[in-house]
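A short reminder: the numbers here are calculations on the coordinates, not readings from a lab. Please read all numbers here as calculations on a predicted model, not as lab measurements. Heads up, the Cβs are rebuilt from the backbone with ideal geometry, glycines too, and the neighbour counts pull from every protein chain shown.
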Amino acid sequence: MDEDGSTIDGSLPDWANQIYSFDLAHLDKHFKDAEVEDYMVDTLSFSQLLSEHEIKDVVLFVLDVEGYDFEVLKQLPFGHNRDSPGKFRPMVICF
């Protein structure tokens, strides 16, 4: 490996395909002039996820979103009653 972490033949290191970010500058910091691909993905709200899978109780909620944790937490459907459809009240939140 070279000093920058790339392999001797110039290819990217093994961990390179594990860097995902909403911030293009973050990617550029690690890989100058790297080819970046955008993907459109289907999404659903957290309330929809809870409802569609009939999730009634969340004990542990773990969040790791590259510094956007508070923005995500503000949008979550917290409820006072765990039995409310589409709401949740985890015992522990880790971020």
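What the table shows:
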{"read-out": "Those residues of the range 63-77 which are charged (D, E, K, R) and either in contact with a helix residue (DSSP H, G or I) (Cβ under 6 Å, 6 or more places away or on another chain) or in a helix (DSSP H, G or I) (or both), in sequence order", "value": "D69, E71, K74"}
{"read-out": "Enumeration of residues in the range 32-62 that are outside any loop (DSSP other than H, G, I, E, B) and of a type outside the set (V, I, T)", "value": "F46, S47, Q48, L49, L50, S51, E52, L60, F61"}
